[in-house]
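A quick write-up on the structure given underneath.
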Protein chains: 2
Amino acid sequence: MENFVFHNPTKLVFGKGTVEKIGEYLKKDGIRKVLMLYGGGSIKKNGVYEKVVRSLHDNGIEKVEVSGVRPNPVLSKVHEAIQVARENNVEAILAVGGGSVVDSAKAIAAGFYYDGDIWDAFIGKYNVKKALPLYVILTMSATGTEMNGNAVVTNEKTQEKFYFSSKHVYPVLSIVDPTTQYSLPANQVVYGAIDAISHVMEYYFDVAGSDLIDRIDEGIIKTLMETTEVILKEPENYEARANFCLATTLALNGLTGLGTTGGDWSSHELEHAISAFNPDIAHGAGLAIVFPAWMSYVKEQISEKLIKFGKNVFGMSGEFSPDDVINQLKSWYKKIGAPVTLKEVGINKEDIEKITQLANKHAPFGTVKELKMEDIRKIYEIAYE
Amino acid sequence: MENFVFHNPTKLVFGKGTVEKIGEYLKKDGIRKVLMLYGGGSIKKNGVYEKVVRSLHDNGIEKVEVSGVRPNPVLSKVHEAIQVARENNVEAILAVGGGSVVDSAKAIAAGFYYDGDIWDAFIGKYNVKKALPLYVILTMSATGTEMNGNAVVTNEKTQEKFYFSSKHVYPVLSIVDPTTQYSLPANQVVYGAIDAISHVMEYYFDVAGSDLIDRIDEGIIKTLMETTEVILKEPENYEARANFCLATTLALNGLTGLGTTGGDWSSHELEHAISAFNPDIAHGAGLAIVFPAWMSYVKEQISEKLIKFGKNVFGMSGEFSPDDVINQLKSWYKKIGAPVTLKEVGINKEDIEKITQLANKHAPFGTVKELKMEDIRKIYEIAYE
């Protein structure tokens, strides 16, 4: 087990009927005016918008709205919202939505106090020193952003999908009400599950770790797999939703990384290039394609872990190989309706070179095996069909 | 799954060679003078005292010492230290030791700002409003106190062993260096393991919960059982120590209680009366005796959970009963050298009435079954031999 420092100050408010408490929490913290950020309007259909607006009103909290944050969120929207936040002297950001909204809100919160372009934080030119307090109402569980200090945004001009991390952008408070997710389309549940599973796997297949956290990882992944299948059949099964939501939060709130070297994260780098190349490809879909391909490419290095994964997650027994485990994972992804090849999502063979170039901007990356351009190209080739 | 609010602001610094960083951390937080609290002097034998003193000195931090905190810590020592803290205008408490030292430090930190007797916090007469910041160097992993807001202290005048909880006494920072525990006597490892396992079981056998947290609970308990056996044979096995230490912290930092009604805690109430009656009985020893007896008494209510526990923790298969699982737990306690009856620790049959009276001061308690005086007496009778 590697040494570590764990510090996660986010207050997590979890359960039925918690959305309407947002106004009280803000008031208790002395916040009088927020920038309310949301996406394409699904929160107006599922009743969340109305509950939030009423709760703000009842507690005397002013708001200014910015909407239209899209999946694979873009930098221009972040710039727009920073402008609005400054012009209106807001005291906090209230993000109401899924990972895209929350990640954008983190960039806005940090950008509020930064004189340059907040993209500097994503490219390592600015180390975030201060941010507006961030409050979250999560309406789609997947990325774990509600309880960590990470944000991923795409710079549409450069086609770069980069991230930054800072202790200053951990949400002060995140509300997760599983019932708000009853109306999510099935593919969002599927991609959310794959995203969260992938977060845990990035740590599980790290070169270091511990039996304890491996067991916790296995428990989180098993729960995500079981509950995804239940939710696809019964979208309003509260227990399944609640287990799913909590599992996605724990997948990336620091717990699963304790005692590792920090995770491998190659598959995420490889995926970011795919969805930067084509923003219509969901992050979870890209991960379903690229993670098993990465596993195949480094299977020598992770063979023991793959066998352990097969036993403890899939309940495999008797004689089986690392390849069998990878195939089992792909089968499960197919079963829940996810793509497992680049071809399926409309990527042509010729595009592989372009995507390789995009991914190579961050290379070398990976701890299990340090990936350079040639490795990256080979993994995309494995992932092709 | 029940609704919950989770908020744990403690920074956990974990690993080899972390003790000597305490001075830097205090300095960074602007602390200039601490009350350094410790126990019977084992930290002078294992080198921790010297490392701490040097680190404080190197960072220009003044200290005033109070030592002699004993296992099953007592209120009079808390009173003494509050006096010293006030006379010396300390800015923080630095607890160096195990659960007894840290719990005492929490009472001191809260008592510093309270005009009355801090015992009022333990008997529900005072709701803690403020406390000195608390820094911890943990030298014995067991209670989880390094990452929660609970403290247990015995009022030796009234023979009451009570607890209080407050968000104000979460440690600001806790350092856990597993190597400092290499020299712990075997029985402290055994009782620490039983204490931590019992914390998880209090939540596991709650009337509510979730598959996800059950899996995490099972993983923590299995890890504690495996690593205890390794440590008893190889006290300087770092991986075993590190897994053990982290498991005890996670056992009671809030994680294992997520989505429960708050745990049952009857066994802890029943144990506190035993070690209040005879402070020479270690908390872990008392729990090894009383928890299986409680399980037997309420086995109708927890039969399904006992079967799940047997399967997933002990790997039991085929036909087995709840009683078999309870016996398996007792066997494991015996295997590692713990007592499993009151008789073994020198309690006489006549003492049962006195202990029942002590426990009854907090009755009724328990969520699985609300225990009244008659129930309490019966459980002690089951635990007798």
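The values are calculated or read from the model by the stated rules, or taken from the named source; none is laboratory data. Because the structure is predicted, anything quoted here is derived from the model rather than measured. Glycine gets a Cβ as well: all are built from the backbone with ideal geometry, and neighbour counts include every protein chain shown.
Here are some notes:
- Considering region B:150-176, the residues that are out of contact with any strand residue (DSSP E or B) (no Cβ under 8 Å at 6 or more places or on another chain) and of a type in the set (D, E, K, R) include one that is modelled with the lowest pLDDT, namely B:Lys157.
- Residue list for region A:226-260, restricted to those being free of Cβ contacts under 8 Å to residues at least 40 places away in the same chain, more than 10 Å from chain B (Cβ to nearest Cβ) and either in a helix (DSSP H, G or I) or of a type in the set (Val, Ile, Thr) (or both): A:Val230, A:Lys233
- Per-region count, region A:199-220, residues surrounded by fewer than 24 Cβ atoms within 10 Å (Cβ to Cβ) and more than 9 Å from chain B (Cβ to nearest Cβ): 4
- Tally of residues being under 19 Å from A:Ala293 (Cα atoms) and free of Cβ contacts under 8 Å to residues at least 12 places away in the same chain across region A:307-320: 0
- Counting the residues of region B:364-385 that are touching an Asp or Glu at 6+ places or on another chain (Cβ under 9 Å), within 22 Å of B:Phe205 (Cβ to Cβ) and without any contact (Cβ under 8 Å) to a residue 60 or more places away in the chain gives 2.
- If the condition is being touching a helix residue (DSSP H, G or I) at 6+ places or on another chain (Cβ under 6 Å) and either closer than 18 Å to A:Leu270 by Cα or not in a helix (DSSP H, G or I) (or both), then region A:205-222 contributes A:Phe205, A:Ser210.
- Number of the condition not met by B:Ile22 [criteria: (1) within 14 Å of chain A (Cβ to nearest Cβ); (2) in contact (Cβ under 8 Å) with a residue 60 or more places away in the chain; (3) assigned to a strand (DSSP E or B)]: (3)
- Residue match in region A:87-95 (condition: closer than 20 Å to A:Glu65 by Cβ and small (Gly, Ala, Ser)): yes
- Considering only residues in region B:10-19 that are within 7 Å of chain A (Cβ to nearest Cβ) and either among the small types (Gly, Ala, Ser) or within 16 Å of B:Leu250 (Cβ to Cβ) (or both), the one that is nearest to the chain's Cα centre (by Cα) turns out to be B:Leu12.
- Residue tally, condition of a type in the set (Gly, Ala, Ser) and farther than 16 Å from B:Gly97 by Cβ, over region B:56-84: 2
- Residues in region B:279-306 that are closer than 30 Å to B:Gly98 by Cβ and without any contact (Cβ under 8 Å) to a residue 12 or more places away in the chain: B:Asp280 alone.
- From B:Gly315, B:Gly310, residue being in a loop (DSSP other than H, G, I, E, B) and at pLDDT 95 or above: B:Gly315
- Test for A:Val5: is it within 14 Å of another protein chain (Cβ to nearest Cβ) and free of Cβ contacts under 8 Å to residues at least 24 places away in the same chain: yes
- Hits in region A:1-18 - residues which are among the β-branched types (Val, Ile, Thr), under 10 Å from B:Phe6 (Cβ atoms) and not in a strand (DSSP E or B): A:Thr10
- Residue among B:Thr139, B:Thr154 that alone is polar (S, T, N, Q), over 19 Å from B:Leu270 (Cα atoms) and touching a helix residue (DSSP H, G or I) at 6+ places or on another chain (Cβ under 9 Å): B:Thr139
- Within region A:25-56, if we keep just the residues that are part of a loop (DSSP other than H, G, I, E, B) and surrounded by fewer than 16 Cβ atoms within 10 Å (Cβ to Cβ), the residue that is nearest to the other protein chains (Cβ to nearest Cβ) turns out to be A:Asp29.
- Exclusive hit being among the hydrophobic types (A, V, I, L, M, F, W, C), surrounded by fewer than 24 Cβ atoms within 10 Å (Cβ to Cβ) and under 19 Å from A:Ala383 (Cβ atoms), set A:Ala285, A:Ala276: A:Ala276
- Residue list for region A:79-92, filter: assigned to a loop (DSSP other than H, G, I, E, B) and surrounded by 17 or more Cβ atoms within 10 Å (Cβ to Cβ): A:Val90, A:Glu91
- Looking only at residues of region A:295-322 that are more than 23 Å from A:Lys372 (Cβ to Cβ) and polar (S, T, N, Q), we find that the one that is farthest from the chain's Cα centre (by Cα) is A:Ser317.
- Unmet criterion (only one of (1) part of a helix (DSSP H, G or I); (2) under 30 Å from A:Val74 (Cα atoms); (3) of a type in the set (Asp, Glu)) for A:Asp264: (1)
Conditions (1) closer than 25 Å to A:Asn46 by Cβ; (2) in the same structural domain as A:Ala273 (by TED's automatic domain parsing); (3) under 20 Å from the mean Cα position of the chain (by Cα), marked per residue:
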{"residue": "A:Val102", "(1), (2), (3)": "yes, no, yes"}
{"residue": "A:Phe112", "(1), (2), (3)": "no, no, no"}
{"residue": "A:Trp119", "(1), (2), (3)": "no, no, yes"}
{"residue": "A:Lys130", "(1), (2), (3)": "no, no, no"}
{"residue": "A:Gln159", "(1), (2), (3)": "no, no, yes"}
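- B:Lys106 vs. criteria at pLDDT 95 or above and either surrounded by fewer than 19 Cβ atoms within 10 Å (Cβ to Cβ) or outside the structural domain of B:Ile82 (by TED's automatic domain parsing) (or both): no
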